[in-house]
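Accompanying notes for the structure given below.
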Ligand code: GNR
Ligand code: NI
């Protein structure tokens, strides 16, 4: 199966709000499976539907990013129901290539949603997994991690991106 295209900043689909999923059917499950494949191929530890041009509230992630073996997970209509503590993490995003920056997030969260079959699911996450889930849920709300850094840092990123684009068109 071929991987989906991952859209990158400043593609407008990344700024849009994804719609809640109402029907979990074979079409949606096909999208989920393709998203997981695309995430592992990238490689990334999470992926939100907006990033592959699908405006549905679906995220995929690997539940054991630091351990051996893979643990593909999905959350449909994810919602953070509790959050505490704070943490700063150097974040990266498949939709913001060649850039990382520290972002402040909650360190411990509880997230609820639906699994691939539509069963209710609630999970607890801390550290990198908590950061990843907040990052993915942000995508569904049209928010990128560069929207959560200082305007100075964001301006520097945009400048760097412009330079890169120029380089391409000169070749
Ligand atoms: O692969 C990814 N790594 C990552 C590292 C630190 C904080 C967040 C992330 S998510 C990112 C994949 C991605 O862009 N998901 O939307
Ligand atoms: Ni991302």
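The values are calculated or read from the model by the stated rules, or taken from the named source; none is laboratory data. Please read all numbers here as calculations on a predicted model, not as lab measurements. Every residue, glycine among them, receives a Cβ derived from its backbone with ideal geometry; neighbour counts consider all protein chains shown.
Residue-wise test of (1) under 25 Å from residue 49 (Cβ atoms); (2) within 14 Å of ligand 1 (Cβ to nearest atom); (3) out of contact with any helix residue (DSSP H, G or I) (no Cβ under 7 Å at 6 or more places or on another chain).
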site: 82; (1), (2), (3): yes, no, yes
site: 89; (1), (2), (3): yes, yes, no
site: 127; (1), (2), (3): yes, yes, yes
site: 149; (1), (2), (3): yes, yes, yes
site: 166; (1), (2), (3): no, no, yes
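Taking residue 168, is it out of contact with any strand residue (DSSP E or B) (no Cβ under 8 Å at 6 or more places or on another chain), part of a helix (DSSP H, G or I) and either farther than 20 Å from residue 61 by Cα or at pLDDT below 95 (or both)? Answer is yes for this residue. Screening residue 102 with (1) more than 13 Å from ligand 1 (Cβ to nearest atom); (2) modelled with pLDDT of 95 or more gives one miss only, at (1).
So that you can scan it fast, the table gives a plain yes or no per residue for (1) closer than 23 Å to residue 129 by Cα; (2) out of contact with any strand residue (DSSP E or B) (no Cβ under 8 Å at 6 or more places or on another chain); (3) more than 13 Å from ligand 2 (Cβ to nearest atom):
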| residue | (1), (2), (3) |
| --- | --- |
| 30 | no, yes, yes |
| 34 | yes, yes, yes |
| 46 | yes, no, no |
| 56 | yes, no, yes |
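Restricting attention to segment 75-99, the residues being surrounded by 15 or more Cβ atoms within 10 Å (Cβ to Cβ), within 16 Å of ligand 2 (Cβ to nearest atom) and either outside any loop (DSSP other than H, G, I, E, B) or modelled with pLDDT under 95 (or both) number 8.
Of all the numbered requirements in (1) within 22 Å of residue 5 (Cβ to Cβ); (2) in contact (Cβ under 8 Å) with a residue 40 or more places away in the chain; (3) assigned to a loop (DSSP other than H, G, I, E, B), residue 116 misses one, and that requirement is (1). Scanning segment 63-72 turns up no residue that is within 28 Å of residue 23 (Cα to Cα), within 15 Å of ligand 2 (Cβ to nearest atom) and touching a residue at least 12 places away in the same chain (Cβ under 8 Å).
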